[in-house]
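A.B. asks: Take a look at this one; I'll ask things after.
The values are calculated or read from the model by the stated rules, or taken from the named source; none is laboratory data. These numbers come from a predicted model, not from an experiment. Glycine gets a Cβ as well: all are built from the backbone with ideal geometry, and neighbour counts include every protein chain shown.
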Amino acid sequence: MAEELTKMDYFITGGSGFIGQNLTSHLVLKDMEFKIADINCIPATNAYCIDVTARLPLIKGDTIVHLASETNVRKSLEFPKLVINKNTAGLLNCIDLLQKGNFKTLIFTSSASSHLSSSPYLASKAACEAICKAYSTSFGLDIRVLNLSNVYGPNATHKESIVAKLIKNCIDKVPLTIYGSGLQSRDFIHVDDVIEAIYKGKSGYIATGKLTTINTLVSKLLDISSVLLGYCPRINHENPILGEVLTPDVRSDLDHTIGIDQGLVSTFMWFKDNYASKCLE
């Protein structure tokens, strides 16, 4: 593949995904030049429809934001080798562009629970972080790791993460499922806070520093559903998910974040306006 000499501010892998869509919308508002790479994208002048684990285009720019990743814990339990190979391969391809001098900075999005390695997915993230540290230390590369807690927000209709899934269940008027006791807790952070951290070139724990149990999350969403939809779903209980983190560490390197009550309402309203209309097609 011939090298493209077009200068850009950002090259975003996984740019068609949840965080990627929110990031590109932000960059448009900031009048930034960017291109994306995604296996599920629509062909366009600023998009490479490729599998980033196989290859990346030989392009030049300032910052790579590596978002492309297999994030499904249950899939990693079923296909551990596939998920680990996929996640490490994509990162190494990005680092290759950095080593060639085509880009100055690489931002890698990991998990706030990566150090626990309680599933093959988290183990893959821990391995990627070790790779980032090794290349940064050995070759002086500017690689920044963002340890994201549970991200939620708009543009996540295709996601099966817990907030998106529960909101879609409310709109579809099907029961909400709680796996295990519901006492397991999460640090839920709004995607706008994540985008701001990426744009500012931060590193470290991108989280609110506050934990919310799954039972509390469900209770909040039931209240919102009752107000916005006039519908209160019933709750089903299922067995715990193997490899699930019960209580993550509470850490945050951010000074200010969007509160969960505000964030859940705005996210639910976005889904109501967007996901619901697709269901009616």
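A.B. asks: Give just the number: which of (1) more than 25 Å from residue 200 (Cβ to Cβ); (2) in contact with a Pro (Cβ under 6 Å, 6 or more places away or on another chain) does residue 113 not satisfy?
C.D. replies: Result: residue 113 fails condition (1) only.
A.B. asks: Report, by residue number, each residue of region 41-78 that is under 30 Å from residue 179 (Cα atoms) and in a loop (DSSP other than H, G, I, E, B).
C.D. replies: The answer is 67, 68, 69, 70, 71, 72.
A.B. asks: Of the residues 15, 20, only one is of a type outside the set (Asp, Glu), surrounded by 23 or more Cβ atoms within 10 Å (Cβ to Cβ) and under 21 Å from residue 198 (Cβ atoms); which?
C.D. replies: Only one candidate qualifies: 15.
A.B. asks: Report whether or not residue 90 is of a type in the set (Gly, Ala, Ser), buried (at least 18 other Cβ atoms within 10 Å of the Cβ) and in a loop (DSSP other than H, G, I, E, B).
C.D. replies: So residue 90 does not fit the description; no.
A.B. asks: State whether one or more residues within region 91-109 are of a type in the set (Gly, Ala, Ser) and touching a residue at least 24 places away in the same chain (Cβ under 8 Å).
C.D. replies: no
A.B. asks: Which count do you get for residues in region 23-52 that are loosely packed, with under 14 Cβ neighbours inside 10 Å, within 18 Å of residue 198 (Cβ to Cβ) and either of a type in the set (Ser, Thr, Tyr) or touching a helix residue (DSSP H, G or I) at 6+ places or on another chain (Cβ under 6 Å) (or both)?
C.D. replies: Counting residues in region 23-52 that are loosely packed, with under 14 Cβ neighbours inside 10 Å, within 18 Å of residue 198 (Cβ to Cβ) and either of a type in the set (Ser, Thr, Tyr) or touching a helix residue (DSSP H, G or I) at 6+ places or on another chain (Cβ under 6 Å) (or both) gives 1.
A.B. asks: From the list 165, 220, 133, 173, which one is among the basic types (Lys, Arg), under 25 Å from residue 84 (Cβ atoms) and in the same structural domain as residue 255 (by TED's automatic domain parsing)?
C.D. replies: Within the list 165, 220, 133, 173, the selection yields 165.
A.B. asks: Would you confirm, using the coordinates I've provided, whether residue 251 is closer than 30 Å to residue 25 by Cα, surrounded by 19 or more Cβ atoms within 10 Å (Cβ to Cβ) and among the basic types (Lys, Arg)?
C.D. replies: Against the criterion (closer than 30 Å to residue 25 by Cα, surrounded by 19 or more Cβ atoms within 10 Å (Cβ to Cβ) and among the basic types (Lys, Arg)), residue 251 does not qualify.
A.B. asks: Having 3 or more residues that are touching a residue at least 24 places away in the same chain (Cβ under 8 Å) and either among the hydroxyl-bearing types (Ser, Thr, Tyr) or crowded, with 17+ Cβ neighbours inside 10 Å (or both) is the bar; report the strands (runs of 3 or more DSSP E) wholly within region 118-234 that clear it.
C.D. replies: 142-148, 150-152, 176-179, 188-190
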